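**Student:** Here you go, one structure.
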Amino acid sequence: MESTAHDFKSNVDSALANPNLQDSLAMLKVGFSERRRLAAERLPEFEVLRDRARDIKNHALANLDFYLEEFERKVIGLGGHVHWAPTAADARRIITDLCKSVGARTVAKSKSMVAEEIALNEHLEKAGIAPIETDLGEYIIQLRNEPPSHIIAPAVHLTKDQVADTFLEHHGPLGFTKRLTERNDLVAEARYVLRQKFLDADVGLTGANFLVAETGSSMLVTNEGNADLSNTLPKMHIVLATIEKVIPTLEDAAVLLRVLARSATGQESSAYTTLNTGPKRDGDLDGPSAYHVVILDNGRSSVLGTEMQEILRCIRCGACMNHCPVYGAIGGHAYGWVYPGPIGAVLTPQLIGVEEAGNLPNASTFCGRCESVCPVRIPLPKLMRHWREREFERHLTPKAVRQGLALWSFFARRPKLYRRLTGLANRVLSLFGRAQGRYDALPLAGGWTRFRDFPAPQAGGTFHAQWARHGGTRTRP
Amino acid sequence: MSDTESSARSHILNGIRRSLQRGPLTGEARHAVEGRLAAPPRGPDVARARLAQPEKIALFCQWAETNNATVARVAAGDVAGEVTAYLARNNLPARAVMAPSPLLDGYDWESQKMLSLRRGRGEGSDQVSITGAFAAIAETGTLVMASGPDHPVTLNLLPDTHIVVLREADIVGGYEDVWARLRERYGKNLMPRTVNTITGPSRTGDIEQAMELGAHGPRRMHIVVVRE
Ligand code: SF4
């Protein structure tokens, strides 16, 4: 996917001005996040499980080479194949070749963020192979030619009415000429249209939530059942997964599953959790005759051992974006690439470069909600700060910010001058703004006042002045 | 493996080792991870996965219903009758495709003169399927289906209505109990092609985050729990 992360500012402007998007985002607060809270409350062991989930992922990362080799050995032992892809281009080539080897014309795809990351669909199309997104949300945005706006609910930016219009436009030629108004009718129509595509597909392509080294299984967590149709009906099943998805054992999977669905959608368990291990066995009446796992690195191995390593624990639950006030205001598309929200703010500069995505780590109020809900306890604010520092060091921070900071540090290092100046500013702002209590425009602060008012200081002087008046002293340790 | 593939493989594995500042695991370190694989440590105990059998059964039924399945508890002699009655109650045709499983064949289907059964895998046109279950998890009301000649995966997915016949003795507490059963049945480290764990009918929250049933898999799931 072509990144527009460098255009973050203008992306944000258009997001804030998009009424449909704002309606959809308003539902986030009462949707996923409230349900997550209730689910966590229902399970007394939830916090202990989060600690263990973090430890399991740390252990897996510290022994990643070992577990990947172990996983490979098991897959091969059961008649499957493992392909190693250092880069996105390698993965695209391997998958396209596999599809061609069975003369595939269509590929039934189950939602995969990694496939988005490597822009697989465009490449398959160029090779004359039609990728069909089968997850309802992915299907909707594929019809609309849009990227996903959320890692577990790709069409969360759309309202029901927008979906109805999209279906009428694309299903009309298939004979569905009535504009639907109910959600369940929309779901039923998509089910009907996609069912035939499943039955006709030559290859099924899925991602993986986990790869289990102990058994050589890929594990998929979904609600719709589309991933299961993708791995059962076509004659070839391809799993695309990145290196950090491997975990040691089924017991570890149990811990991670207990925190994943609850953090993501607030469900006790997703409707389908599936372990796939190799191709169809002797005597099986269904299932693919070929099973391939493509293991992609795409820059992740070089994150190991660095201060950013913790990001590799991510199990892509989406909780951080569901709880992020910035995501809640601008939605996913504004982030400009595949991964939005706090996880995107940290991961995107890593994967496509801080030059391109340096703005994203600034899209944070540092309220810390993301870290407080992350099931594997990734310190997202700390990692965002890391990028801000890198950005500053490399002189990528916008000029206005740099000059402003330089000016501020000049005064901050001269306390007397600083106090005199802020005292003066305080009196002036207080004098002119007292009647209204706020400013809706201020010279040099247009960026602030364009979207919100600036409060007029109340009488009583600056914080420093009040502190001194109340006999405040600095406590010494 | 071709030359390019094997060099891609070592490229990734060596990259990982370089970042971790070590070579391939050897000696003590290797021994430790091998030991962890051979005897997997259990996660923190979840109290609700550790109940006595009667409470386990009740908890399973409760969560299954919360997750939009329907449940009937019957004696073995009434399984076939319950299936016919369920189809009639829901205005569904008395026609189903059933998993070719000796266990299911043990119920008295002959008694249901109106019910027509086909045994085999699921097809796109099937409306109702009947399968057994390898196990069920009380903790979340989840069914566990292990694929094999006696349980085609398509039966779990293609029909609109999925009827599952579950023996009380196959209801276990948590995931860990299912893994133990799988290891016992298939051998350590061996798995059937597919293990589907299924919690209620298929659903989607993709339009305005509101859960709708019957996205791609069954819209209805009826669980017939067979009393011992
Ligand atoms: S960073 Fe944490 S909260 Fe965000 S998607 Fe990853 S696991 Fe979930």
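**Student:** Write down the Å³ per residue value for the convex hull defined by the alpha carbon atoms of the range A:93-146.
**Tutor:** 74
**Student:** Let me ask something additional. Return the distance in nm (one decimal) between the two label points of a simple spin-label model at A:SER409 and B:GLN53, each offset 7 Å from Cα along Cα→Cβ.
**Tutor:** Label-label distance for A:SER409 and B:GLN53, simple model: 7.2 nm.
**Student:** How large is the Kirkwood hydrodynamic radius of the range A:310-399, in angstrom, based on all distinct alpha carbon pairs?
**Tutor:** The Cα-based Kirkwood calculation yields 12.8 Å.
**Student:** Which semi-axis lengths, in whole Å and largest first, follow from the square roots of five times the eigenvalues of the Cα gyration tensor of the range B:49-92?
**Tutor:** Its equivalent ellipsoid spans semi-axes of 25, 14, 5 Å.
**Student:** Still on this model: What shape does the range A:36-153 take by its C-alpha gyration tensor, where a ≥ b ≥ c are the square roots of the eigenvalues and a/c under 1.5 counts as rounded, a/b above b/c as prolate, and the rest as oblate?
**Tutor:** Oblate.
**Student:** A further question on this structure: Let me know the volume per residue of the alpha-carbon convex hull for the range B:110-228, in Å³.
**Tutor:** Dividing the Cα hull volume of the range B:110-228 by its residues yields 140 Å³.
**Student:** Kirkwood Rh over Cα pairs of chain B into Stokes-Einstein at 10 °C, 1.306 mPa s: D in µm²/s?
**Tutor:** Approximately 79 µm²/s, per Stokes-Einstein.
**Student:** Same structure again: Compute the FRET efficiency between A:ARG73 and A:LEU431 as 1/(1 + (r/R0)^6), taking r as their Cβ-Cβ distance and R0 = 51 Å, and round to the nearest 0.05.
**Tutor:** 0.10
**Student:** Convex hull over the Cα atoms of the range A:218-354, averaged projected area in nm²?
**Tutor:** So the mean shadow area of the Cα hull is 10.1 nm².
**Student:** Could you list which residues have their amide H under 5 Å from that of B:THR142, counting only those 5 or more apart in sequence or on another chain, with H placed in the peptide plane?
**Tutor:** Amide H to amide H, under 5 Å and 5 or more residues apart or across chains, B:THR142 pairs with B:ILE137.
**Student:** To continue, here is another question. Provide, in order from the shortest bin, the percent of all Cα-Cα pairs of the range B:176-228 in each 10 Å bin, continuing until the bin that contains the maximum pair distance.
**Tutor:** Spelled out bin by bin, the range B:176-228 gives 19, 30, 32, 18, 2 percent.
**Student:** If you plug each phi of the range A:266-276 into the Karplus form 6.51 cos²θ - 1.76 cosθ + 1.60 with θ = phi - 60°, what whole-Hz ³J(HN,Hα) values come out, in order, with x for Gly and Pro?
**Tutor:** x, 8, 5, 7, 5, 5, 10, 10, 10, 9, 10
**Student:** In nm, give the distance between the simple-model label positions of B:ALA94 and A:LYS178, each being 7 Å from the Cα along the Cα-to-Cβ direction.
**Tutor:** For B:ALA94 paired with A:LYS178, the spin-label model returns 3.1 nm.
**Student:** At a Förster radius of 35 Å, what calculated FRET efficiency corresponds to the Cβ-Cβ distance of B:LYS188 and A:ASN58, to the nearest 0.05?
**Tutor:** Given R0 = 35 Å and the Cβ-Cβ separation, E is 0.85.
**Student:** If you plug each phi of the range A:378-390 into the Karplus form 6.51 cos²θ - 1.76 cosθ + 1.60 with θ = phi - 60°, what whole-Hz ³J(HN,Hα) values come out, in order, with x for Gly and Pro?
**Tutor:** Using θ = phi - 60°, the values come out as 7, x, 4, x, 4, 5, 5, 4, 4, 5, 4, 5, 4 Hz.
**Student:** What Rg and what Dmax come out for the range A:104-223 when only alpha-carbon atoms are used, in angstroms?
**Tutor:** Considering the range A:104-223 through its Cα atoms, Rg and Dmax are 15.2, 51 Å.
**Student:** Here's a follow-up. For each pair in A:LYS74/A:LYS235; A:LYS111/A:LYS160; A:LYS29/A:LYS382; A:LYS235/B:LYS113; A:LYS9/A:LYS57; A:LYS109/A:LYS160, compute the distance between the two Cα atoms and list the pairs where it is over 27 Å.
**Tutor:** The pairs that break the limit, which is 27 Å between Cα atoms, are A:LYS235/B:LYS113; A:LYS9/A:LYS57.
**Student:** Follow-up. Enumerate the amide H contacts of B:MET98 below 5 Å, restricted to partners 5 or more residues apart or on another chain; note that Pro and chain-start residues carry no placed amide H.
**Tutor:** B:ARG118, B:ARG119, B:GLY120, B:ILE130
**Student:** Continuing with the same structure: Which cross-chain or sequence-distant (5 or more) residues have an amide H under 5 Å from the amide H of A:SER217, H modelled 1.01 Å from N in plane?
**Tutor:** Amide H to amide H, under 5 Å and 5 or more residues apart or across chains, A:SER217 pairs with A:VAL212.
**Student:** Additional query: Taking N as the number of residues in chain A, what value does Rg over Cα atoms divided by 2.2 N^0.38 Å take?
**Tutor:** 1.12
**Student:** Mind checking the alpha-carbon convex hull of the range A:25-302 and giving the volume per residue in Å³?
**Tutor:** Expressed per residue, the convex hull around the Cα atoms of the range A:25-302 is 138 Å³.
**Student:** Also, quick follow-up: Quote the relative contact order of the range A:122-227 in percent (integer), defining contacts as alpha-carbon pairs under 8 Å separated by 6+ residues.
**Tutor:** Dividing the mean separation by the residue count of the range A:122-227 yields 19 percent.
**Student:** Moving to a separate point now. How large is ³J(HN,Hα) for each residue in the range B:124-132, as worked out from phi by the Karplus curve 6.51 cos²θ - 1.76 cosθ + 1.60 (θ = phi - 60°), to whole Hz, x for Gly and Pro?
**Tutor:** x, 8, 5, 9, 9, 10, 10, 9, x
**Student:** Another question about this same structure. Out of all DSSP beta bridges in chain A, what portion is antiparallel? Express it as a percent rounded to 5.
**Tutor:** The answer is about 30 percent antiparallel.
**Student:** Can you give the net charge of the other residues whose Cβ lies under 13 Å from the Cβ of A:ARG179, counting K and R as +1 and D and E as -1?
**Tutor:** With Lys, Arg at +1 and Asp, Glu at -1, the net is -4.
Just so you know, all these numbers are worked out from the coordinates, no wet-lab data involved. Please read these numbers as outputs of a predicted model, since none were measured by experiment. Glycine gets a Cβ as well: all are built from the backbone with ideal geometry, and neighbour counts include every protein chain shown.
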